[in-house]
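To start, the structure under review is shown below, and the notes come after it.
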RNA sequence: GGGUGCUUAGCUCAGUCGGUAGAGCAUCGCCCUUACAAGGCGGGGGUCGGCGGUUCGAACCCGUCAGCACCCA
């Protein structure tokens with residue numbers, strides 16, 4: 001039993017199997033139903049609360065009971081007479097259409113009670129036991145307009161007619177006793193199975209009771225002060241300004257649609273109950289004198305000064321504490337020394353961004369905005385970044401009771417299946433769920449969880465953090481990013497191996513020569529830096545991760561390190577210097593780019609790489625984040641390297657599909673090279689030979705005889721690998737057919753589109769032009785491939 | 001009952017301005033090539049949930065239906 005007030009937000013209602021008791025309430029004063037019965041039947045899911053019934057209600061248009069409205073029933077077991085009233089709230093189809101009204105123990109009944117001036121009859125103690133005669137609780141007289149206090153509950157259990165046998169019994173025990181007694185008196189018409197929403201505390205799972213107590217509230221709903229003094233009420237002073245600051249953009253939600261959730265809650269807000277009956281928390285700063293008079297100030301001394309109380313008047317402080325979220329709402333202020341006007345407050349309030357999950361938008365975000373704006377007239381932060389929640393493989397929210405929690409440490413360090421099962425099935429609130437949990441765990445993690453380390457885990461979260469979407473955690477992704485960590489480590493080893501204790505171009509006075517590959521990777525780095533800045537600005541950590549992963553692995557490691565090898569191993573001094581300088585500088589910048597997502601590997605590697613790149617500093621953490629330098633973008637180098645990559649890909653595809661060992665040197669023939677192709681071949685010959693493993697390359701004259709070859713296309717240019725007797729005719733024909741089929745398919749579609757008058761006149765000229773160019777290109781490729789197919793067939 | 005989001009490759013997910021669909025994992029083939037086999041190189045795989053509409057053109061815009069998830073009552 002919680003024995004404290006809690007918030008609606010801390011109550012979860014789920015549908016559970018229960019019962020619907022149909023109970024006969026005898027009519028008083030000789031009244032009869034239309035069928036001539038001397039009782040009416042009331043249906044309820046909470047029979048124990050009938051002890052606190054204040055009325056029975058029927059729908060005003062319900063012909064069955066119209067004649068009974070204003071008459072009385074005799075409340076079974078208690079013997080009190082209570083009135084039959086009419087209220088629109090009653091659903092005629094539910095049960096018998098007669099509803100017991102228990103204003104002190106049900107929210108709907110409370111509202112009905114207010115409309116009809118019914119007594120509030122409390123029948124429970126704070127421990128949720130039926131009150132006994134010594135409990136000073138019971139009926140609150142109908143003149144219960146707030147404020148009232150518990151002392152207004154004047155009646156005793158005895159005077160309410162609550163039988164002694166129930167006194168002090170727990171609510172659910174009492175239910176059984178009451179059921180039994182009703183049975184023995186013939187007052188149970190029937191008991192049906194029934195599904196109902198049961199409200200439980202979200203932490204403890206215990207059934208929560210609506211219960212009348214004295215509490216402190218913050219007014220959030222009144223236009224003017226509740227005590228009648230001049231000045232705005234909470235609605236004007238707190239709630240409406242909190243709505244306004246988001247409406248007018250002083251606070252922005254990212255993603256933006258969370259502002260709707262925020263608005264909806266604030267526009268339907270109720271007064272805020274801020275007192276809790278717990279020992280942990282900030283004490284309520286209110287004091288009482290012997291007569292129960294209330295004094296509010298920061299401390300007792302201030303109370304005495306403020307209210308001019310004599311020193312010997314005994315004061316006691318309220319025992320209650322604040323709702324933790326009420327205390328937390330001034331977090332942005334309190335952490336900066338408020339209410340003192342500290343330099344920190346001046347500098348950091350408002351802060352730029354608050355990062356949070358959507359599940360505490362109500363609990364915390366809204367409350368900070370409300371109260372801090374109220375206290376200071378200025379918003380606490382300018383942006384609220386709302387990230388998703390991590391869910392289990394089925395998309396369910398993680399919870400210990402469901403046994404689907406992933407402990408971050410288990411992802412970092414790994415865990416065996418058996419240990420994971422054990423961890424998830426011990427200490428359960430409902431031990432009977434253990435077999436189900438075990439089964440699901442064995443299905444989801446048949447091999448346990450592989451260790452991935454903190455960096456990979458952090459990077460995975462970033463990579464999965466797409467906006468407006470929860471994260472279904474995927475260990476496969478995390479393992480992929482663990483491999484990425486290894487990749488960085490190994491790439492760094494290569495760079496260090498070739499650059500440490502070498503001339504890395506730190507001395508600006510010495511001449512350097514930059515290869516096309518050097519200029520290419522530097523250019524690419526500038527573009528990635530620009531992308532990175534953009535993704536940070538938009539809170540797109542997923543795209544940020546993607547972009548860095550792609551650059552470091554697919555460009556820096558897969559291509560640049562390979563392209564750098566010839567220069568580093570056998571280039572001139574100036575070429576070596578230029579390439580070493582590029583190797584270390586690009587790596588160093590990449591580490592800084594990546595550091596926010598992978599703090600540890602980047603720090604470790606940076607410590608050794610930074611000096612080579614002429615960077616000084618104790619830690620990467622204090623280094624500036626890389627900024628793009630557009631003047632270092634080199635489109636010509638990028639075009640050259642794109643061409644080079646396509647060239648090499650063509651050769652590799654032939655190797656792969658013709659089953660030529662990657663290590664075997666090849667002779668290449670080049671046909672139909674244009675002047676640009678020829679120039680590129682001449683200029684990048686060394687790198688082509690190295691990477692594609694070419695030991696001879698010859699440009700064929702126009703119309704020269706072509707030996708048996710496998711072919712790759714690069715634009716109009718043909719890359720031929722002579723297969724002198726080795727060619728597998730069938731394999732090469734199949735390979736060519738595959739290419740031809742693909743192009744034919746696309747070409748047919750594209751030609752049809754171009755043939756359509758609708759398209760050529762409707763679409764923008766640029767799009768049509770692009771389409772024409774594409775068709776021309778495809779036609780040429782197709783022609784070349786078909787020629788090739790003819791010549792191979794003829795062999 | 002009201003609201004929000006989602007549905008794209010076997011799995012987890014990107015897809016900006018409407019202009020021929022991408023990544024990681026998994027899978028298939030070759031390779032222990034002196035940074036890296038937790039790797040390299042190459043390949044295969046998608047009627048973008050269904051239906052209808054707008055448009056020269058739809059994964060994307062509109063309508064509708066279905067399924068899933070979450071929030072509020």
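Just a few scattered comments:
- For segment A:1-39, filtering for residues that are more than 16 Å from RNA strand B (Cβ to nearest atom) and under 30 Å from residue A:321 (Cβ atoms) leaves 4.
Per-residue answers, yes or no, for (1) within 16 Å of residue A:381 (Cβ to Cβ); (2) without any contact (Cβ under 8 Å) to a residue 24 or more places away in the chain; (3) within 16 Å of RNA strand B (Cβ to nearest atom):
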site: A:236; (1), (2), (3): no, yes, no
site: A:239; (1), (2), (3): no, no, yes
site: A:249; (1), (2), (3): yes, yes, no
site: A:256; (1), (2), (3): yes, yes, yes
site: A:261; (1), (2), (3): no, no, yes
site: A:264; (1), (2), (3): no, yes, yes
site: A:267; (1), (2), (3): no, no, yes
site: A:270; (1), (2), (3): no, no, yes
site: A:276; (1), (2), (3): no, no, no
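- Some residue of segment A:442-457 being touching a residue at least 12 places away in the same chain (Cβ under 8 Å), within 13 Å of RNA strand B (Cβ to nearest atom), crowded, with 19+ Cβ neighbours inside 10 Å and part of a loop (DSSP other than H, G, I, E, B): yes
- Residues of segment A:15-69 that are closer than 22 Å to residue A:110 by Cβ and in a strand (DSSP E or B): A:18, A:20, A:21, A:23, A:25, A:42, A:43, A:44, A:55, A:56, A:57, A:58.
- Within segment A:190-219, the set of residues being part of a loop (DSSP other than H, G, I, E, B) and over 29 Å from the mean Cα position of the chain (by Cα) comprises A:209, A:210, A:211, A:212, A:213, A:214, A:215, A:216, A:219.
- Within the option set A:392, A:323, A:318, being surrounded by 14 or more Cβ atoms within 10 Å (Cβ to Cβ), more than 23 Å from residue A:470 (Cβ to Cβ) and within 16 Å of RNA strand B (Cβ to nearest atom) holds for one residue only, A:323.
- Residue in segment A:711-725 that is out of contact with any strand residue (DSSP E or B) (no Cβ under 8 Å at 6 or more places or on another chain), free of Cβ contacts under 8 Å to residues at least 24 places away in the same chain, outside any helix (DSSP H, G or I) and farther than 29 Å from residue A:566 by Cα present: yes
- Counting the residues of segment A:378-403 that are in contact (Cβ under 8 Å) with a residue 24 or more places away in the chain and within 22 Å of residue A:458 (Cβ to Cβ) gives 11.
This table checks each residue for (1) within 30 Å of residue A:384 (Cα to Cα); (2) touching a helix residue (DSSP H, G or I) at 6+ places or on another chain (Cβ under 8 Å); (3) at pLDDT 90 or above.
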| site | (1), (2), (3) |
| --- | --- |
| A:240 | yes, no, yes |
| A:245 | yes, yes, yes |
| A:249 | yes, no, yes |
| A:266 | yes, yes, yes |
| A:274 | yes, yes, yes |
| A:279 | no, no, no |
| A:293 | no, no, no |
| A:296 | no, yes, yes |
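- Verdict on residue A:406 being within 15 Å of RNA strand B (Cβ to nearest atom) and surrounded by 18 or more Cβ atoms within 10 Å (Cβ to Cβ): yes
- Hey, residue A:761 in contact (Cβ under 8 Å) with a residue 40 or more places away in the chain, surrounded by fewer than 12 Cβ atoms within 10 Å (Cβ to Cβ) and farther than 20 Å from residue A:652 by Cβ or not: no
- Failed condition for residue A:537, given (1) touching a helix residue (DSSP H, G or I) at 6+ places or on another chain (Cβ under 7 Å); (2) within 14 Å of RNA strand B (Cβ to nearest atom): (1)
- Among the residues of segment A:618-642, just one is within 16 Å of RNA strand B (Cβ to nearest atom) and touching a helix residue (DSSP H, G or I) at 6+ places or on another chain (Cβ under 6 Å), namely A:641.
- Residue A:479 under 34 Å from the mean Cα position of the chain (by Cα), in a helix (DSSP H, G or I), without any contact (Cβ under 8 Å) to a residue 24 or more places away in the chain and at negative phi: no
- Considering residues of segment A:349-363 that are out of contact with any helix residue (DSSP H, G or I) (no Cβ under 7 Å at 6 or more places or on another chain) and in a helix (DSSP H, G or I) only, the residue surrounded by the fewest Cβ atoms within 10 Å (Cβ to Cβ): A:359
- Matching residues, segment A:326-337, being surrounded by fewer than 16 Cβ atoms within 10 Å (Cβ to Cβ) and either part of a loop (DSSP other than H, G, I, E, B) or more than 26 Å from the chain's Cα centre (by Cα) (or both): A:334, A:335, A:337
- Here residue A:646 clears all of (1) in contact (Cβ under 8 Å) with a residue 40 or more places away in the chain; (2) within 16 Å of RNA strand B (Cβ to nearest atom); (3) touching a helix residue (DSSP H, G or I) at 6+ places or on another chain (Cβ under 9 Å); (4) closer than 27 Å to residue A:781 by Cα except the condition numbered (3).
- Of the strands (runs of 3 or more DSSP E) lying entirely inside segment A:70-167, those containing at least 1 residues that are at pLDDT 80 or above and surrounded by fewer than 15 Cβ atoms within 10 Å (Cβ to Cβ) span A:81-86.
- Positions within segment A:415-432 being within 16 Å of RNA strand B (Cβ to nearest atom) and surrounded by fewer than 15 Cβ atoms within 10 Å (Cβ to Cβ), in sequence order: A:416
- Residue within segment A:467-475 that is within 16 Å of RNA strand B (Cβ to nearest atom), more than 21 Å from residue A:408 (Cβ to Cβ) and not in a helix (DSSP H, G or I) present: yes
- Checklist (1) within 8 Å of RNA strand B (Cβ to nearest atom); (2) over 22 Å from residue A:709 (Cβ atoms) applied to residue A:754, failing item: (1)
- Count of segment A:476-495 residues which are within 7 Å of RNA strand B (Cβ to nearest atom) and either farther than 15 Å from residue A:411 by Cβ or out of contact with any helix residue (DSSP H, G or I) (no Cβ under 6 Å at 6 or more places or on another chain) (or both): 10
- Criterion: part of a helix (DSSP H, G or I), modelled with pLDDT of 85 or more and surrounded by 13 or more Cβ atoms within 10 Å (Cβ to Cβ) - qualifying residue of A:792, A:768: A:768
- Assessment of segment A:632-640 against the conditions (more than 46 Å from the chain's Cα centre (by Cα), outside any loop (DSSP other than H, G, I, E, B) and crowded, with 18+ Cβ neighbours inside 10 Å) yields no matching residue.
- Within segment A:538-558, the residues that satisfy the criterion of being within 18 Å of residue A:595 (Cβ to Cβ) and free of Cβ contacts under 8 Å to residues at least 60 places away in the same chain are A:543, A:547, A:548, A:550, A:551.
The values are calculated or read from the model by the stated rules, or taken from the named source; none is laboratory data. Everything numeric in this text was worked out from a predicted model, so none of it was measured. Glycine also receives a Cβ, built like all others from the backbone with ideal geometry; neighbour counts cover every protein chain displayed.
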